[in-house]
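Everything on this sheet refers to the single structure shown next.
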Amino acid sequence: MSKEVVLCVSNAYQKKYYLNENVNGLPQTIRDELKIMCVLYTEDVGGILELVFDEDGNLDFRTSCKENDFFYDEIGSVLKIKQYRNERRELLESIETYYRIVFLGEGLEEE
C-alpha cells in the first residue's frame with residue numbers, strides 16, 4: 001500500500017484552495033507561491049488540481065474534472081503543468097527537499 005500525502009488542492013468548481021496543515025513549517029512566501037500557482041491553474045484551465053507527494057517524496061501534479069465539463073481545457077492542463085515544472089523548478093524542488101527532510105527523515109543520518 002503506497003503512502004501518498006496531499007500537499008495542496010485547488011478546486012475551480014467550489015472556488016476553494018486547501019493546503020495541508022502539516023506543512024505550515026514552510027515559509028509563508030512559499031505557501032503563498034503555491035496558492036497563487038494552483039489557483040491560477042484552476043482559473044485558467046478549470047477542474048481540480050492536486051499536488052501530491054508519492055512515498056519517495058516526489059511531487060506529482062494530478063488533475064481531474066467533472067464528467068461532461070466542456071470548459072475544462074485538457075490540452076491547456078498539460079501545457080500549464082509543463083510550464084510550471086520548468087518555470088517553478090526551484091520552488092518545486094525546494095518543497096520536495098523540505099518534505100523529504102521533515103517527513104521522511106532523509107539527510108538526518110547520525111554522524
How large, in percent, is the carbon and sulfur part of the accessible surface of the stretch 61-111 at a probe radius of 1.4 Å? 50
Using only DSSP helix segments of four residues or longer, with each worth -39500 (n - 2.57), what per-residue ellipticity at 222 nm results for the chain after dividing by its residue count and rounding to 500? -13500 deg cm²/dmol
Find the accessible area per residue for the chain; the probe is 1.4 Å, ligands and nucleic acids are left out, and the unit is Å². 67
Positive minus negative residues near residue 65 (Lys, Arg vs Asp, Glu; Cβ under 10 Å): -3
Could you tell me the center-to-center distance, by alpha carbons, between the stretch 43-85 and the stretch 1-36 in angstrom? 14
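In a shell of Cβ-Cβ distance under 9 Å around residue 51, excluding residue 51 itself, what net charge do Lys and Arg (+1) and Asp and Glu (-1) give?
Result for the neighbourhood of residue 51: -1.
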Where chymotrypsin sites (Phe, Trp or Tyr not before Pro) in DSSP loops with at most 10 other Cβ within 10 Å are excluded, longest remaining stretch of the chain: 1-69
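In nm, what is the difference between 0.36 nm times the number of residues separating residue 88 and residue 60 and their Cα-Cα distance? Before the final figure, lay out the partial values.
Numbers: separation 28, 0.36 × 28 = 10.08 nm, distance 1.34 nm.
Gain on stretching residue 88 to residue 60: 8.7 nm.
Looking at the stretch 5-104, what % of the alpha carbon pairs are farther apart than 24 Å?
Values: 929 of 4950 pairs.
Distances greater than 24 Å cover 19 percent of the Cα pairs.
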Considering only the chain, what is the antiparallel percent among its DSSP beta bridges, to the nearest 5? 100
Theoretical gain in end-to-end length, residue 40 to residue 3 [0.36 nm per residue, Cα-Cα removed]: 10.5 nm
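The values are calculated or read from the model by the stated rules, or taken from the named source; none is laboratory data. Just so we're clear, the structure is a prediction, and the values are computed from it rather than from any experiment. Glycine gets a Cβ as well: all are built from the backbone with ideal geometry, and neighbour counts include every protein chain shown. Ligands, DNA and RNA are stripped out before the accessible areas are found, and what is left, the full protein with its side chains, is counted by its heavy atoms. Shrake-Rupley method; radii C 1.70, N 1.55, O 1.52, S 1.80 Å.
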